[in-house]
1. Restricting to segment 164-176, name every residue that is in contact (Cβ under 8 Å) with a residue 12 or more places away in the chain and assigned to a loop (DSSP other than H, G, I, E, B).
2. Are there any pairs with C-beta distances below 8 angstrom linking a residue in segment 5-17 that is of a type outside the set (S, T, N, Q) to a residue that is in a helix (DSSP H, G or I), with the two at least 6 apart or on different chains, and if so which?
3. Among the residues of segment 171-207, write down those that are under 30 Å from GLY79 (Cβ atoms) and either more than 17 Å from the chain's Cα centre (by Cα) or surrounded by 15 or more Cβ atoms within 10 Å (Cβ to Cβ) (or both).
4. Got a number for residues in segment 95-127 being more than 17 Å from the chain's Cα centre (by Cα) and closer than 13 Å to LEU43 by Cα?
5. As an exercise: evaluate PHE8 against (1) exposed (fewer than 15 other Cβ atoms within 10 Å of the Cβ); (2) at pLDDT 95 or above; (3) outside any strand (DSSP E or B); (4) not aliphatic (A, V, I, L, M) and give the number of the one condition it does not meet.
6. Just to confirm my filter: which helices (runs of 4 or more DSSP H) fall fully inside segment 46-125 and include at least 1 residues that are touching a residue at least 60 places away in the same chain (Cβ under 8 Å) and more than 15 Å from HIS154 (Cα to Cα)?
7. Out of everything in segment 15-59 that is polar (S, T, N, Q) and closer than 21 Å to GLU134 by Cβ, what residue ends up being surrounded by the most Cβ atoms within 10 Å (Cβ to Cβ)?
8. Could you tell me how many of the residues in segment 178-207 are at pLDDT 90 or above and in a helix (DSSP H, G or I)?
Amino acid sequence: MDTAHTYFYEPAAGHGLPHSPFNSIIAPRPIGWISSRDQDGQLNLAPYSFFNAFNYSPPIIGFASNGLKDSLSNAEATGEFCWNLADENLFEAMNTTSAGVSADVDEFTLADLTPAPSTIVSVPHVAEAKTVFECRTTQIVPLLTADGAKTVTHVVFGEVVGVHIHQSLLKDGIYQTSEARPMLRGGGPSTYFTIRGENIRDLPRPA
């Protein structure tokens, strides 16, 4: 790297920029739109931008909760949650569910979304979402610093035990990511991206 034209900072000392570049560098990031409910049946729906897949078989996904959020508490208490695809058509609704409201507020109602019964888990999913993962909580891992100190963040992992895919997203049995138009987090404090077919680059692995 050309050090003469490199901006360097140590995160512990601050980045010195208008907005932290860390989130923007790890981009784009899929949205973990997580539906859950507490033991009393109160529904919750919230987006998490620190989310991804971590295992093939069995399929395991995870999202990071920065603080003790309702999704974390519910996934721990009930052992279940769902991931819902936030696409272009659901972009505004997804953003509405990011509001910092009290635990007794139903974000499905807040965002005018329909809770649909899941097939395996008891937690409802977003009926309007074209792809859904039903999950059972496998681990909740507190994150530590390099010197072993606790952070405020926990990663919630869940095994995917049921998958719903709208038929329009399957072509010859292959899931069409670009047709799903997933919203992806990246850039500045309020920047999102999406995937489009013209940006596809097919690159088979070497033999």
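The values are calculated or read from the model by the stated rules, or taken from the named source; none is laboratory data. Since the model is a prediction, treat every value here as computed from it, not as a measurement. Using ideal geometry, Cβ is built from the backbone for each residue, glycine included, and neighbour counts are taken over all protein chains shown.
1. Residue satisfying the conditions is HIS166 alone.
2. PRO11/PHE22; HIS15/PHE22
3. If the condition is that a residue be under 30 Å from GLY79 (Cβ atoms) and either more than 17 Å from the chain's Cα centre (by Cα) or surrounded by 15 or more Cβ atoms within 10 Å (Cβ to Cβ) (or both), then TYR175, ALA180, PRO182, MET183, LEU184, ARG185 are the ones that fit.
4. 15
5. Result: PHE8 passes all but (2).
6. 91-96, 107-110
7. SER35
8. Total satisfying the criteria: 3.
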